[in-house]
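Student: My questions will all concern the structure given below.
Read-outs throughout are calculated quantities, based only on the coordinates presented, and are distinct from any laboratory measurement. Worth saying up front: this structure is predicted, and the values here are computed from it rather than measured. Methodologically, a virtual Cβ is constructed for each residue, glycine included, from the backbone with ideal geometry; neighbour enumeration extends over all protein chains shown.
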Amino acid sequence: MAKIIPIKDLKNTSEISEMCHKTGDPIYITKNGYGDMVIMSMENYENMMDRLHMYRELGISEQQIEEGKIIDAESSLNSLREKYGL
């Protein structure tokens, strides 16, 4: 369950770090009652960025398929063999 805390609570850095690592959920920080920042562990951030990169690559792949920019596996391997003399 995501946690929401006011910005004044950021002085409890060890406690906030422990919450991030223990729950795996982001912590939402509010300022004057409005959303301001999100804090999460480095591990969760890196996992999220990896997924984002994968989704971007899948989007590019789908666009290339729609545009007919595809090569079958055999042709691709033959091209690599020719290029590298294998």
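Student: Order of TYR84, TYR55, TYR45 from fewest to most other C-beta atoms within 10 Å? Walk me through the numbers before you get to the answer.
Tutor: Details: TYR84 7, TYR55 10, TYR45 14.
By the 10 Å Cβ count, ascending, the order reads TYR84, TYR55, TYR45.
Student: Also, quick follow-up: What is the ratio of the Cα radius of gyration of the chain to 2.2 N^0.38 Å, where N is its residue count, to two decimals? Intermediate results must be reported in sequence, preceding the final value.
Tutor: Numbers: Rg = 22.4 Å, N = 86, 2.2 N^0.38 = 12.0 Å.
For the chain, the normalised Cα radius of gyration is 1.88.
Student: With θ set to phi - 60°, apply the Karplus curve 6.51 cos²θ - 1.76 cosθ + 1.60 along the range 13-29 and write out the HN-Hα couplings as whole Hz, x wherever there is a Gly or Pro.
Tutor: 4, 5, 5, 5, 4, 4, 4, 4, 7, 6, 8, x, 8, x, 10, 8, 9
Student: Right, here's the next one. Treating the beta-carbon of each Lys and Arg as +1 and of each Asp and Glu as -1, no other charges, what is the dipole magnitude of the chain about its Cα centre, to the nearest 20 debye? Spell out each step's value before the answer.
Tutor: On the way: 10 positive and 15 negative charges, 84 e Å.
Using only the charged Cβ atoms, the result is roughly 400 debye.
Student: Could you sort 35-41, 12-18 so that the peptide with the highest average Cβ count within 10 Å comes first and the rest follow in order? All intermediate terms of the calculation are to be shown ahead of the outcome.
Tutor: Working: 35-41: 13.9, 12-18: 11.6.
Going by the mean number of other Cβ atoms within 10 Å, highest first, we get 35-41, 12-18.
Student: Here's another thing I want to ask about it. Using R₀ = 22 Å, calculate the FRET efficiency as 1/(1 + (r/R₀)^6) where r is the Cβ-Cβ separation of SER17 and MET49; round to 0.05.
Tutor: On the way: r = 20 Å, r/R0 = 0.89.
Approximately 0.65, to the nearest 0.05.
Student: Starting from the Cα of LYS83, draw a straight line to each of the lysines and keep only those under 21 Å, dropping any in the same chain fewer than 8 residues away.
Tutor: Candidates past the 8-residue exclusion: LYS69.
Student: In sequence order, what are the phi-derived ³J(HN,Hα) couplings for the range 68-76 according to the Karplus relation 6.51 cos²θ - 1.76 cosθ + 1.60 with θ = phi - 60°, rounded to whole Hz, with x for glycine and proline?
Tutor: x, 8, 10, 9, 5, 4, 5, 5, 5
Student: Ranking ASP72, ASP25 by Cβ neighbours within 10 Å, fewest first, what do you get? Mind showing how you got there, number by number?
Tutor: Values: ASP72 8, ASP25 14.
Lowest count first: ASP72, ASP25.
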